[in-house]
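All remarks here apply to the structure that follows.
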Amino acid sequence: MRREGGGRIRTAVGALVRTLRADLWTGAPDPLPRRWRDWQPASAVLLVFLAVPAAVVNINQLVWQYGLSQSAGILLGGAPSVAIVVAMFRPVQAWWAVTAAMVVVALAANPDTPQLYPWTGTGIALHAAAVFMVALRARPRVTFEVLAISLLIGTLLHVTFFAPMRRFDLESAAVTLTIAAVVGASLRGRRQARTALVVQSELTAEERARRTLLEERTRIARELHDVVAHHMSVISIQAQVAPHLVDNPSEALKENLVGIRANAVDALTELRRVLGVLRSENDLSEAVRHAPQPTLDRLDELVANVRGAGLEVDTRITGERRALPPGVELSAFRIVQEALSNVLRHAPGAAIRVELGYQATGLAIRVANTASEPLDSSAPSTPPGGGHGMLGMRERVAMLGGDFAGGPIPDGGYEVVARLPLGGDS
């Protein structure tokens, strides 16, 4: 049992020593806030002006009142003042220096001196300043350890070398050091609370901005859904029902209605993907991020849809067809898709030519159409106002660092030409 008790004591003592070593020897103080760092050089200069008179007073006390030699008085009286200046940068090390000077002074001074013991009057002030700096820059546990060790050392020296009737000296020092520790710890706590408040305010502002953005994106998604998705759904349903409203519909009519329905369903699928991005809190939702993007492998399918709408489309591919970077593949598909959609809207009945040129450094795209056929007066006209198709194609090409041009051609038709460099995709 005694061995077990002794083992527990040794373990506890070892843990205490390791804790004190970590806190009072190898531990680093808290970094100063930026506002305090800006004033740190000026504060150090101010401390120098205050430390010099304190050093002079302390040296005189040690030499003339505590019986130390002149050299010892200069060394032991000046060291605490220098340590207080150092405390701006290394508070714990400065406290060690002030405490060591106090112990040496107590051991070397005349115990019969009528002055304060074991601190001098100036020594108490300097020691309190060191404790204050520690409390201002270190955790409360470190502050408590510093205060406890200071008072413990002072009590041992006072009891060992001085008469018990001078207990007032120790009580005065204890009150002064305790006040310094409490004030420093309070200022540190206030500083940390303000810092935490600033951080919380920034997080709140970021959260508010994020929620505002998400609400705006949700509103846009809702408007898109209400305006576009409804009409596309109606088109899909009408295309499916239309053959049943006609007696003996022709195969051409059936094929066109099937194509209309398929295009409407594809458009709804693309719209849902866009709405998913808009409604997601992240830039891309998990499902959208991993969804396959269209590539030029679907070019034949795209052309087949346009042919199903009654237009003549001729494709020509030159160079060695190969896989391109994902960004180039997606942009090329979207450019061809938008160009074909423009022909369907603005040049019904025109013949279209799609050309892709695979080059060593990039991909060349050309989509050209002939002049449109005269429209029947009963045919629906193109909605007024310009769209964003040409702007979107130009932005895609610019994003990849390519070249884009579009405009009318001599035979009355229109062409879109783009070149996408392979190095433009990250």
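The values are calculated or read from the model by the stated rules, or taken from the named source; none is laboratory data. A quick note: this is a predicted structure, and the numbers were derived from the prediction, not measured. We place every Cβ from the backbone using ideal geometry, glycine too, and count neighbours over all the protein chains shown. Heavy atoms of the whole protein, side chains included, go into the accessibility calculation; ligands, DNA and RNA do not. Shrake-Rupley method; radii C 1.70, N 1.55, O 1.52, S 1.80 Å.
Couple of notes before you dig in:
- For Ile149 and Val198, the FRET efficiency from 1/(1 + (r/R0)^6), where r spans their Cβ atoms and R0 equals 41 Å, is about 0.75.
- Shape category assigned to the stretch 52-108 from the gyration tensor of Cα positions, a/c cut at 1.5: oblate
- Note on Arg191 and Thr19: their simple-model spin labels are 2.5 nm apart, each label 7 Å out from Cα toward Cβ.
- A straight chain from Asn110 to Ala12 at 0.36 nm per residue would run longer than the Cα-Cα distance by 31.5 nm.
- The label point for His244 and the one for Leu214, both projected 7 Å from the Cα toward the Cβ, are 4.3 nm apart.
- On full extension, the segment bounded by Glu395 and Arg273 gains 41.9 nm, given 0.36 nm per residue less the C-alpha separation.
- Accessible area per residue, Å², the stretch 71-113 with all protein chains present, probe 1.4 Å: 40 Å²
- Net charge in the neighbourhood of Ala368 (other residues with Cβ under 13 Å of its Cβ; Lys, Arg +1, Asp, Glu -1) is -2.
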